[in-house]
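Visitor: Before I ask anything, let me first share the structure, which is written out below as structure tokens.
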Amino acid sequence: EPEVTQTPSHQVTQMGQEVILRCVPISNHLYFYWYRQILGQKVEFLVSFYNNEISEKSEIFDDQFSVERPDGSNFTLKIRSTKLEDSAMYFCASRITGLPYNEQFFGPGTRLTVL
Amino acid sequence: DAKTTQPNSMESNEEEPVHLPCNHSTISGTDYIHWYRQLPSQGPEYVIHGLTSNVNNRMASLAIAEDRKSSTLILHRATLRDAAVYYCILTRDDKIIFGKGTRLHILP
């Protein structure tokens, strides 16, 4: 069964450093998402991406964040200058269409630890 | 986004049915009712969705009240692997807004 994959599974970085989290969505999916979950808290929407541009972003997704689909398979989340409060699990998701009844498929997540 | 209300936690015995309730009194006509779950240390996973009619799939059943102001996710025979946080979510566009969900404990 096709699945969303994410690398690395765990990333440790120093405050102020740039990190890139990578995702490979399911191959025929057209809509891509990033979510994050701070330990013990809710899963929070960050950004949606379609047709090589951001469709929607939340208040969390400020200028320190960017997303890119550099080739036909990868979808990346970049945090330019990490802060302690960026420590969280980051989940990538994809879906085949943007219709509200289609399910999103989530990856296993990348645990980001900012020291 | 329309709000849902779920119990914080529930317990059930293994191999028994589980009924997880969700209230969504402010649901609009275009909102779909989705259920996702999150197993420990994993990403969320789609369970089932519906609009007006009851739905069944290999994982669960979804019973939707006639006025659509509440719904119930039914796991027909819970296993230890079903221990997770279950999220009831209303969607009208493509993003998902997660609440706190119901943490389901399965007792062996």
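Visitor: Output the residues belonging to region A:22-69 that are within 13 Å of the chain's Cα centre (by Cα) and β-branched (Val, Ile, Thr).
Guide: Scanning region A:22-69 gives A:Val24, A:Val43, A:Val47, A:Ile54, A:Ile60, A:Val67.
Visitor: At least 3 residues that are modelled with pLDDT of 95 or more and polar (S, T, N, Q) in each: list the strands (runs of 3 or more DSSP E) lying fully within region B:22-108 that qualify.
Guide: Numbers: elements: B:32-38, B:45-50, B:61-64, B:70-75, B:84-91, B:102-107.
Ranges flagged: B:70-75.
Visitor: Then there's this: In region B:13-26, what residues are closer than 19 Å to B:Ala60 by Cα and either loosely packed, with under 12 Cβ neighbours inside 10 Å or more than 15 Å from the chain's Cα centre (by Cα) (or both)?
Guide: If we filter region B:13-26 for residues that are closer than 19 Å to B:Ala60 by Cα, which is where we start, we get B:13-23.
B:Asn13, B:Glu14, B:Glu15, B:Glu16 - these are the residues of region B:13-26 that are closer than 19 Å to B:Ala60 by Cα and either loosely packed, with under 12 Cβ neighbours inside 10 Å or more than 15 Å from the chain's Cα centre (by Cα) (or both).
Visitor: Please tell me if B:Met10 is in a loop (DSSP other than H, G, I, E, B), more than 11 Å from the chain's Cα centre (by Cα) and surrounded by 12 or more Cβ atoms within 10 Å (Cβ to Cβ).
Guide: Values: in a loop (DSSP other than H, G, I, E, B): no; more than 11 Å from the chain's Cα centre (by Cα): yes; surrounded by 12 or more Cβ atoms within 10 Å (Cβ to Cβ): yes.
Spelling it out, it is not the case that B:Met10 is in a loop (DSSP other than H, G, I, E, B), more than 11 Å from the chain's Cα centre (by Cα) and surrounded by 12 or more Cβ atoms within 10 Å (Cβ to Cβ).
Visitor: Show the residue pairs that are 6+ apart or on different chains and have beta-carbon atoms under 9 Å apart, the first residue being within region B:42-56 and away from every other protein chain (no Cβ under 12 Å) and under 17 Å from A:Tyr35 (Cβ atoms), the second being open to solvent by less than 40 Å² (accessible area, probe 1.4 Å) and at pLDDT 95 or above.
Guide: none
Visitor: What tally of residues in region A:26-48 results from selecting those that are closer than 20 Å to A:Glu59 by Cβ and small (Gly, Ala, Ser)?
Guide: Looking only at that region, the number is 1.
Visitor: Within region A:79-90, does at least one residue satisfy the condition of being of a type outside the set (S, T, N, Q), within 13 Å of chain B (Cβ to nearest Cβ) and under 10 Å from the mean Cα position of the chain (by Cα)?
Guide: Yes, region A:79-90 has at least one match.
Visitor: Something else about it: So which pairs qualify, if the first residue must be in region B:64-83 and among the small types (Gly, Ala, Ser), the second must be part of a loop (DSSP other than H, G, I, E, B) and surrounded by fewer than 18 Cβ atoms within 10 Å (Cβ to Cβ), the Cβ gap must be under 9 Å, and the two must be at least 6 apart or on different chains?
Guide: As it stands, the answer is B:Ser70/B:Ser25; B:Ser71/B:Ala65; B:Ala78/B:Glu14; B:Ala78/B:Glu15; B:Ala78/B:Glu16; B:Ala78/B:Pro17; B:Ala83/B:Leu39; B:Ala83/B:Pro40, since those pairs meet every condition given.
Visitor: Out of everything in region B:94-108 that is open to solvent by 50 Å² or more (accessible area, probe 1.4 Å) and facing chain A (nearest Cβ under 8 Å), what residue ends up being farthest from B:Thr52 (Cα to Cα)? Quick ask: steps written out before the conclusion?
Guide: First, the residues of region B:94-108 that are open to solvent by 50 Å² or more (accessible area, probe 1.4 Å): B:97, B:100, B:103, B:105, B:107-108.
Then keep just the ones that are facing chain A (nearest Cβ under 8 Å); that gives B:97, B:100.
Values: B:Ile97: 20, B:Lys100: 24 Å.
Among those that are open to solvent by 50 Å² or more (accessible area, probe 1.4 Å) and facing chain A (nearest Cβ under 8 Å), it is B:Lys100.
The values are calculated or read from the model by the stated rules, or taken from the named source; none is laboratory data. Computed from a predicted model, the values in this text were never measured in an experiment. All Cβ positions, glycine included, derive from the backbone under ideal geometry; neighbour counts span all protein chains shown. Side chains included, ligands, DNA and RNA excluded: accessible areas come from the protein's heavy atoms. Shrake-Rupley method; radii C 1.70, N 1.55, O 1.52, S 1.80 Å.
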